[in-house]
Structures are given as structure tokens and as C-alpha cells.
Amino acid sequence: MKVGSTVICQNYQGRENDQEMYRSELKVADLTEPLGFDSFWTPEHHFDDYSIVPNPLTLLAWVAARTSRIQLGTAAVILPWHNPLRVAVEASMVDTLSNGRLLLGFGRGLSRMEYEQWQIDMNGTRDYFNESAKMIIKALETGIAEYDGTAIKQAPAEIRPRPLPSLKDRIHIVAGSTDSIPVAAELGAVMMMFSQVRWEKKANDVAEYRRLFRQHHGRDAKPVVTLDFVYCDSDGAKARATADRAAKEYFATVVKHYEMDKGHFAGLKGYQFYAKSAEGLQKLGLDKVANDFAAIQASGTPDEILRNLEERRAAIGDFDLNCIFRFSGLTDAEVESSMRLFAKEVLPVVHSWQPVRIAAE
């Protein structure tokens with residue numbers, strides 16, 4: 001199992017100025033390679049305390065200059081907010097600077113507020129995402145960006161710096177909805193999923209992705225990537241209490257940022273999955289869903305985290321893990337202690353795990 005460290009650059013409840021927040025997040029970045037993690041990741045978000053990473057590739061370039069081994073991932077570049085040619089050339093630049101360590105992740109985006117600020121209609125995002133992803137992937141394989149689609153029209157343009165030989169198996173797609181599963185499989189991308197519900201409920205989705213990937217490409221997909229909000233402490237009571245509080249508080253920021261309680265997804269083309277999710281959230285109640293969200297995260301004592309990950313492997317087969325250690329106002333001392341203990345007692349164990357038979361198939 002490969003394990004990454006992810007920073008989301010959250011300024012929880014606006015408690016810090018943004019520069020202080022970034023200094024804290026960059027401490028996490030600087031710890032990632034020395035502690036033995038395999039990769040460092042960051043998303044793209046704008047305009048809100050929820051997460052502030054206007055250009056994940058810029059942040060990765062900074063980390064690339066301070067590291068030599070770890071891979072560097074976007075989780076993810078939100079394609080409808082960008083010209084795909086620019087994404088391709090910037091990705092090639094970061095891959096060049098890092099000597100081929102880039103893991104390029106794409107997402108479609110879900111925040112109405114962010115879309116409104118960019119003055120982009122959310123109804124056209126699915127076609128734009130699909131065509132952008134296809135164009136970028138081909139451009140980084142061939143060195144030439146071109147596309148003649150419905151949403152994207154691009155005359156041939158050479159990618160400079162010229163791409164390294166291949167990003168095969170280094171392209172990732174965040175599958176927040178079931179609609180993204182066939183897209184990820186068709187494009188040959190590694191599927192990324194947040195820990196949101198019990199993994200037994202996601203087993204069929206993971207199995208379907210693997211089936212479609214094999215159908216399209218004649219080979220097995222790489223392990224899916226799961227993203228968790230992690231707090232690790234040797235004191236069981238403290239670990240559970242802190243993790244439970246922080247995860248529930250983070251979930252509240254998700255509901256607020258994405259307006260999951262507003263019902264607006266029902267009127268948007270391509271967001272039916274989220275409309276149903278919002279309906280389910282309202283029926284179950286925020287407290288119930290927040291409790292379930294907190295319970296599934298890979299948090300607790302080292303032994304509890306290992307049991308959580310073992311149960312997940314039994315449900316979905318092999319997977320890689322991305323850990324978000326800094327969220328919901330956890331202090332710098334709490335984050336560093338959690339990260340160091342995880343690296344000392346969890347990381348060596350999961351690194352030693354051998355591939356298992358895929359239980360979901």
C-alpha cells in the first residue's frame with residue numbers, strides 16, 4: 001500500500017490569516033518525505049475558508065524543489081475552471097521540474113459559489129470535463145494538444161517543455177459521483193474516492209470500475225485511492241474524542257461550502273447523483289450523517305487505524321491511502337504529533353502488506 005499526505009489549506013472558521021495558515025500547511029509538506037510517506041497531494045479551491053489552493057500545480061512546484069523522492073499529486077485540478085491547453089503545459093512543467101514525479105488528478109467541481117465567482121454555468125460541466133480530460137491525457141502522451149469536440153476546440157499546439165515519456169497510471173480522477181466511474185475507467189485513470197460512507201456500500205462501485213477498466217484496456221487497474229481525515233494518538237480516549245470532534249466539524253464545513261442542504265442540485269444537468277445525496281442528507285439529518293462520516297475515517301490509535309484499513313481491504317481489495325492530517329482547527333502540535341505517530345507505527349505496517357485478492361469481485 002502506498003500512503004500520501006494531503007494538505008487542503010483550510011482556514012478553519014477564519015481563525016488565522018491566510019499567511020499563517022499556509023505556514024502551518026507547509027510544515028506538513030516539509031514533514032511528508034522525511035517521515036516516509038510516498039506522496040504529497042493538494043486540491044484546488046477558491047474564495048472561501050473551506051480550502052484555499054488557487055493553483056495546486058504551483059504548490060506542487062514549491063514542494064518539488066524541497067524534495068527528491070515523493071510523488072506529487074493534484075487532488076484535483078477542476079477542469080471546467082481551466083483552459084485544458086494551459087493545464088497540459090503547466091502539468092508538463094511540474095513533471096519536468098520534479099523529474100517525473102507528478103500525479104495528475106482531475107475533478108469536475110461541485111461548489112455553486114466557486115462556479116458563480118468564475119462565471120461558469122454548471123450545466124455544461126460534464127461535457128467540458130470529459131473532453132478536457134481526453135485532450136490533456138493525449139497531449140501529455142503525444143506532445144501535441146488538439147481536440148475537435150462539442151465543448152473543446154483546440155487547433156494543434158506543441159506542449160513545451162515537451163512531456164516526459166508517459167503519464168500512464170499517473171492520471172487520477174476524483175469519483176465523487178457514480179457518473180465518474182465509467183469516465184475514469186475509459187480514460188485509464190486511477191480512481192480516487194473520499195471516505196464518506198461505509199466501504200461495504202462502495203464495494204460494488206469499486207468492482208465496477210475495475211471491470212470497466214479491464215474491459216477498456218485489457219489489464220487490471222491500479223489500486224483505487226481513498227482519502228481520509230486522520231488523527232492518530234496513542235491515548236485511545238483522546239484519539240477518539242479529538243478525531244470525532246474534528247471530523248464532525250469538518251463535515252459541517254462541507255455542508256456549508258457545497259450547500260448540501262439547499263436542494264439546488266436538482267435543477268442542474270449532470271448533478272443528479274448529488275441531488276439524491278442532498279435529499280438523503282436531509283432525510284437522515286445532519287447529525288446522523290456527520291456521525292457516520294466521523295466513524296469511517298482512519299483515525300484513532302495506531303492499532304485502531306490498522307483495523308480500519310484491514311476491514312477496508314476486506315471490503316474493496318487493495319487500495320492506496322491519502323491522509324489529511326490538518327483540518328478543523330487542529331493545532332500545529334496536534335497535527336505534527338499525529339503525523340509522526342502514524343508514520344512510526346502505521347506506515348511501516350501498511351507498507352509491508354502484500355497484495356490481496358479483490359474481495360469485491
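The values are calculated or read from the model by the stated rules, or taken from the named source; none is laboratory data. Just so you know, these numbers come straight off a predicted model, no measurement behind them. Note: ideal-geometry Cβ built from the backbone for every residue, glycine included; neighbour counts use all protein chains shown. With ligands, DNA and RNA removed, areas are computed over all heavy atoms of the protein, side chains included. Shrake-Rupley method; radii C 1.70, N 1.55, O 1.52, S 1.80 Å.
Taking the condition of being closer than 14 Å to LYS168 by Cα, open to solvent by 60 Å² or more (accessible area, probe 1.4 Å) and of a type outside the set (Val, Ile, Thr), how many residues in the stretch 93-144 meet it? The number of residues fulfilling the criteria is 3. Residues in the stretch 11-23 that are in contact with a Ser or Thr (Cβ under 9 Å, 6 or more places away or on another chain) and assigned to a helix (DSSP H, G or I) were compared, and the one that is farthest from ARG69 (Cα to Cα) is GLN13.
Residues of the stretch 147-181 that are buried (at least 16 other Cβ atoms within 10 Å of the Cβ) and not in a loop (DSSP other than H, G, I, E, B): TYR147, GLN154, ILE171, HIS172, ILE173, VAL174, SER180, ILE181. Do we have GLY36 as assigned to a loop (DSSP other than H, G, I, E, B) and modelled with pLDDT of 95 or more here? Yes.
Among the residues of the stretch 182-204, the ones that are open to solvent by 10 Å² or more (accessible area, probe 1.4 Å), within 21 Å of PRO43 (Cβ to Cβ) and assigned to a helix (DSSP H, G or I) come to 2 in all. Residue-level analysis places ALA252 among those that are out of contact with any Asp or Glu (no Cβ under 7 Å at 6 or more places or on another chain) and either assigned to a helix (DSSP H, G or I) or buried (at least 20 other Cβ atoms within 10 Å of the Cβ) (or both). Only one of the listed residues (ASP320, ASP244, ASP303) is at pLDDT 95 or above, within 26 Å of LEU347 (Cβ to Cβ) and not in a helix (DSSP H, G or I). That residue is ASP320.
Of all residues in the stretch 94-109, those that are within 21 Å of ILE152 (Cβ to Cβ), in contact (Cβ under 8 Å) with a residue 60 or more places away in the chain and not basic (Lys, Arg) total 4.
Quick one: in the stretch 47-91, which of the residues that are among the polar types (S, T, N, Q) and closer than 23 Å to GLU33 by Cβ is nearest to the chain's Cα centre (by Cα)? Going through the qualifying residues, I end up with THR74.
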